[in-house]
Amino acid sequence: MHKENIAQEINQLRQQLHQHNYRYYVLNQPVISDYDFDQMMHRLIELEHQNPDLFDPNSPSQRVGSDISQEFEQVIHKYPMLSLGNTYSEEDVTDFYNRVAKLLNEPFELVCELKYDGTAIGLTYENGRLIRAVTRGDGVRGDDVTANVKTIRSIPLQLEGDYPASFEIRGEIFLPRAGFEKMNEARREAGEPPFANPRNAAAGSLKTQNSKMVAQRPLDCFLYYLLGEELPAPYHHQNLETARSWGFKISPYIKHCQNLNEVFDFIHHWDKARNELPFEIDGIVFKVNNLDQQKRLGFTAKSPRWAISYKFKAEQGYTLLQSVSYQVGRTGAVTPVANLDPVQLAGTTVKRASLHNADIIKSLDLHQQDMVYVEKGGEIIPKIVGVDTDARTPDTQPVEFITHCPECGTELKRVEGEAAFYCPNSVTCPPQVKGRIEHFISRKAMNIDGLGSETIELLYKQNLINDVADLYSLKKTNLVQLERMGDKSAQNIITGIDASREVPFARVLFALGIRFVGETVAKKLASAFKNIEALKGATQEQLIDVDEIGEKIANSVIQYFTVPENLTLIDRLTGKGVQMAAAETEETTAGNTLNGQSFVISGSFSSFSRDELKSIIDKNGGKNVSGISSKTNYLVAGEKIGPAKLAKAEKLGIPVITEEEFIQMIEQSNE
């Protein structure tokens, strides 16, 4: 290859890797897989090594990659926070093992750990108290996110036992699968785009400026490495076990390995068993156990010689892109979807893959009828990760993002700073209208039973409903004429619609579907403004003064009330008897009886529904949690409770109380 061509390839790789670093570490919006990124990096390092005269100190190969945000104070790491070298083959693991054996020339053992798919953090403790939490950043300095990290319940603020006066412990902050799904459900309800995977969600959470919002996200953390001048033991694994006794959450999935066979047994086991874990992993980490041996092995410019990570290669499919279609959501966001020839992937048949937005299509350089590589992002969402340009025919045309709504023909708009295009026709665009009605009747909103998406579709097609206010004009005769609608079902729907007139104002506000106004935000607004008229006249300053309301939410609320059709809708709902003001007895918080205590509600109850019990907990300052852990204060047990929850509560010593005992607890505390 000519020198000019080599220089051109090196420059292209540097530019591409700089951009991918920015999307990954700053925007938390990666567009290629880790494997593809590493392959590009390996190619760049190889070319630079062969051509030292083309060295550039600002090359991506000379840095770890940065997640630094200028909105946080930056702190220099006392110990450089370097990344591990990545490998995807067992041959490379063997090479690492043999290299360590040769350098040490003495017996050694490896500690095998899971590689958690989250975001790295360094925690500094002095005299047993957490004083600083810093992200990896560029390896030399990172962002001080102490306020946010203090909201993560699995990270101790005060240690117990015999700990060093000063030390640092490093780990990975992540989102469990269940918490990730719950978070995305809440984002969809608020009209926000869901996170692509738990790793992005965890990283994005740490970059949130409001620590109260971080506290609402179910972040967790495993700690995996101890640094300091006075460590308790000369062995890595022993230090972790000692740190566990101080109050740190140390993973139970750790194994001592004396030889390569044991290492490969660990790899093979978790490659198959990883989907059974309640959190995401993307590989295995191997560390030399003896700290003196670690010191003697030392570091390269970017990573330690005594540790390496083996990354599972995501299962990938190869198939034909048939077409790209476009879906319009409740908030008007337009999402491109790739329609594929069916391909088997991770045990399922994949026919469609999300393309997320126009920027993703452009970055892939996607053409009509391309042969594409598909994998499941975070083992959850199928996505296109690459294109086989060699298989492309010369006459194929690039995929161009549409300019007009595929449902109503309105020209699409793109809000500055956002990735998605939106259809601004919120009034008559069919999927937006039907989506808002489905949201309005949902359980956490107006809770109208019997009205599923199919029934709404039929009512909409027959022009019986065109907005949510039309629901209150429906008669039983309108419903019984529908396909597969019986007399009793029709009556239940009418009864449910009538009952929804008594739904409290906070839930009505959530049901309106104002963009970014989720269930919690609706409660805050209802509590602060008491009625729709006061909210309608609120200024941006007044809105931002409300706890947890930022500029984005405030502007969205103001924008909603500038649309004449929305004002007409509210007037019609008010005329139909829907609650547009908080009742005198309706308070978001009744007291602090249960302040700081968490409850799990399970089983069926005689006097209250589960939602009513949860509401009582919320109003009295308590916290509802879905799963039992050592942090749970009480399990409120009804009939037909699952034996597994009971057994876990008994094992952890968590009090199990009945519905009657719970009510007595509230009444006695309020006397």
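Read the figures in this text as sums done on the coordinates, not as results from a lab. All values reported here derive from a predicted model rather than from experimental measurement. Cβ atoms come from the backbone with ideal geometry, glycine included; neighbour counts cover every protein chain shown.
Per-structure values
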item: Three-way shape call for the stretch 316-404 based on the alpha-carbon gyration tensor, with the a/c threshold at 1.5; result: oblate
item: Proximal lysines to residue 524, defined as alpha-carbon separation beneath 21 angstrom and excluding residues fewer than eight positions away on the same chain; result: 182, 212, 444, 536, 552, 614, 619, 623
item: Reported label for calculated P(r) over Cα pairs in 20 Å bins from 0, in percent given (1) 15, 33, 30, 15, 7, 1; (2) 15, 45, 33, 7, 0; (3) 18, 48, 30, 5, 0; result: (2)
item: Centre separation in Å (Cα based) which lies between the stretch 449-528 and the stretch 200-241; result: 45 Å
item: Values of log10 I(q)/I(0), in the order q = 0.17, 0.18 Å⁻¹, for the stretch 218-374 under a Debye, Cα-only, solvent-free model; result: -1.06, -1.13
item: Within the stretch 425-520, GluC sites (Glu not before Pro) in DSSP loop having at most 15 other beta-carbon neighbours inside 10 Å; result: 483
item: Additional length obtainable on full extension of the chain from residue 463 to residue 126, 0.36 nm per residue less Cα span; result: 114.5 nm
item: Cα point-scatterer Debye curve for the stretch 195-268, base-10 log of I(q)/I(0) at q = 0.19, 0.22, 0.28 Å⁻¹; result: -0.95, -1.00, -1.17
item: Cross-link table 249/651; 150/631; 523/631; 249/295; 115/631; 150/287, entries beyond 20 Å C-alpha to C-alpha; result: 523/631; 249/295; 115/631; 150/287
item: Listed residues 85, 131, 481: farthest to the positive end of the dipole of the chain (Cβ charges); result: 481
item: Relative exposure of 598, 500, judged by other C-beta atoms within 10 Å (fewest first); result: 598, 500
item: Estimated FRET transfer efficiency (residue 534, residue 404; beta-carbon r; R0 35 Å; 0.05); result: 0.35
item: Candidates per GluC sites (Glu not before Pro) in the stretch 270-322, loop by DSSP, up to 15 other Cβ within 10 Å; result: 315
item: Low-density loop positions, trypsin sites (Lys or Arg not before Pro), the stretch 479-535 - DSSP coil, at most 10 other Cβ in 10 Å; result: 484
item: Cα-based Rg and Dmax for the stretch 619-671, where Dmax is the largest Cα-Cα distance (Å); result: 11.8, 35
item: Exposure proxy order (Cβ contacts within 10 Å, fewest to most) of 282, 265; result: 265, 282
item: Likely footprinting exposure, 482, 17, fewest C-beta neighbours within 10 Å first; result: 482, 17
item: Fraction in percent of alpha-carbon pairs per bin - 10 Å, the stretch 74-311; result: 7, 31, 36, 21, 5, 0
item: Cysteines in the chain that, by Cβ-Cβ distance, have no pairing candidate under 4.7 Å; result: 112, 221, 257
